[in-house]
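Undergrad: The structure's right below; bear with me while I get my questions together.
The values are calculated or read from the model by the stated rules, or taken from the named source; none is laboratory data. Note that the coordinates shown come from a computational prediction; the quantities given were computed from them, not determined experimentally. Reconstructed Cβ throughout: ideal geometry from the backbone, glycine too, with neighbour counts over all protein chains shown. Accessible surface areas use protein heavy atoms only, side chains included; no ligands, DNA or RNA. Shrake-Rupley method; radii C 1.70, N 1.55, O 1.52, S 1.80 Å.
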Amino acid sequence: MISEKDLAYLKRAVALARQALKEGDEPFGSLLVSHEGLVLFEDYNHVSGGDHTRHPEFEISRWAAKNMTPENRKLATVLMSTEKWTTLLLKNGPFGWLFIN
């Protein structure tokens, strides 16, 4: 079962995906959450300008590499969503768990 806290993170990822869509980009949103439950970094897709490395997961990885120790990266979680999957996400729980080692 998904916790209320995790559901809140995933809803934020959906909101970020919607923001990307609103700005004319592909609907992807992601957050980096520490093992203490703090949102450390969040972003959404910025690939419409032609740079296809501007997915939020890549931005999170770059940020984490510069700002976190390897030990803290191992404990952190990336949550991600796409606007198109909102119903599935909210009905079935997280589908975008990623661990950055």
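Undergrad: Using a 1.4 angstrom probe with every protein chain in place, what is the largest-first accessible-area order of F58, F28?
TA: These residues rank, largest area first, as F58, F28.
Undergrad: Want the number for K22 to R62: 0.36 nm per residue separation, take away the alpha-carbon distance, what's left?
TA: This chain segment gains 11.9 nm when fully extended.
Undergrad: Then there's this: Quick check: with the 1.4 Å probe, what order do I2, I60 take by accessible area, largest first?
TA: I2, I60
Undergrad: Please give the net charge around I60, taking every other residue with its beta carbon less than 14 angstrom from that of I60, where Lys and Arg add +1 and Asp and Glu add -1.
TA: +1
Undergrad: Quote the FRET efficiency, to the nearest 0.05, computed for A15 versus H52 with a Förster distance R0 of 25 Å and r equal to the Cβ-Cβ distance.
TA: With R0 = 25 Å, the Cβ-Cβ based efficiency is 0.65.
Undergrad: What's the extension gain from K5 to S34 if we count 0.36 nm per residue and subtract their Cα-Cα distance?
TA: That works out to 9.2 nm of additional length.
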